[in-house]
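Following: one structure in structure tokens, then a few remarks.
The values are calculated or read from the model by the stated rules, or taken from the named source; none is laboratory data. The model shown is predicted, which means the values in this text are computed figures rather than measured ones. Every residue, glycine among them, receives a Cβ derived from its backbone with ideal geometry; neighbour counts consider all protein chains shown. Quick note on the areas: whole protein, heavy atoms, side chains included, nothing else; ligands and nucleic acids left out. Shrake-Rupley method; radii C 1.70, N 1.55, O 1.52, S 1.80 Å.
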Amino acid sequence: MESDIVHSDLLYRAWAWFEKNRKQVIMGTVAAILIGLIIYFIVWQREEKRAEASRALSAAFASEADKPQTNVNAEAYLEVARKHPNTQAARLATLMGASTLFEQGKYEPALAEYQKFSRENPGSPFAAQALVGAGASQEALGKKEQAIEAYSSAVERYPNSPVLAQAKFSLARLLEEKGTLERAFLLYQDVSRDGFGSLAGEARSRVDELKEKHPEIAAKVKPVTPVLSPATNTAPKPAVSK
């Protein structure tokens, strides 16, 4: 009974924190995607000089770059994608348009664009961003199980993605809310170790609170000495005892 009370208290506190910060957390996830895309675009723009598509995207970006985010015309980017299909510029334009729609609170059309991108470009270097964007859109629409699937797919399929930390943290939040505390703990731990900035700090806070409320979960995680492998230059991750 006491365990049930502690569990309920933890979920209540976690949910209260998320409800208080829901907009900032979900918006922050997609804002990180959009900032990354813009940085990539600026670098890519310097190198890509061949296609008409690149000129069209450059023109769209130039026309929208100085506007407040609420006034950016997402259609300017999506039009580039429609007119120049099967180009890298079109793929980048689609995600910039989708992220702009999300930032403006237009979650349904944003979700449609993210999902279309995922269907058509599973091998793209931006595939993880599309999945995380889709997950955030579904979460904003209250479709939490679908959001879990999208975040999980991003984590499992794209372990080297620059948005991996956002995907893991978002997935951990939803799993914690469901009561899947052990997996949430491990994901928070990953983000606290491998992430950066406020996201890593919040993940550390969630790890500490779960340890305090559920010491039995932390006890299941066997510490592993982080010895780097010469072949892979990667460290082994904590294992969970069966």
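Overview of results
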{"item": "Options GLN138, GLN146, GLN166, GLN129: the member that is over 20 Å from PRO85 (Cβ atoms) and in contact (Cβ under 8 Å) with a residue 40 or more places away in the chain", "result": "GLN166"}
{"item": "Residue under evaluation ALA154, criteria (1) under 23 Å from PHE196 (Cβ atoms); (2) free of Cβ contacts under 8 Å to residues at least 24 places away in the same chain; (3) not polar (S, T, N, Q), criterion not met", "result": "(2)"}
{"item": "Residues satisfying the stated conditions in region 99-125, i.e. among the aromatic types (Phe, Trp, Tyr), in contact (Cβ under 8 Å) with a residue 24 or more places away in the chain and open to solvent by less than 10 Å² (accessible area, probe 1.4 Å)", "result": "PHE102, PHE117"}
{"item": "Subset of region 64-97 (residues that are among the basic types (Lys, Arg) and in a helix (DSSP H, G or I))", "result": "ARG82, LYS83, ARG91"}
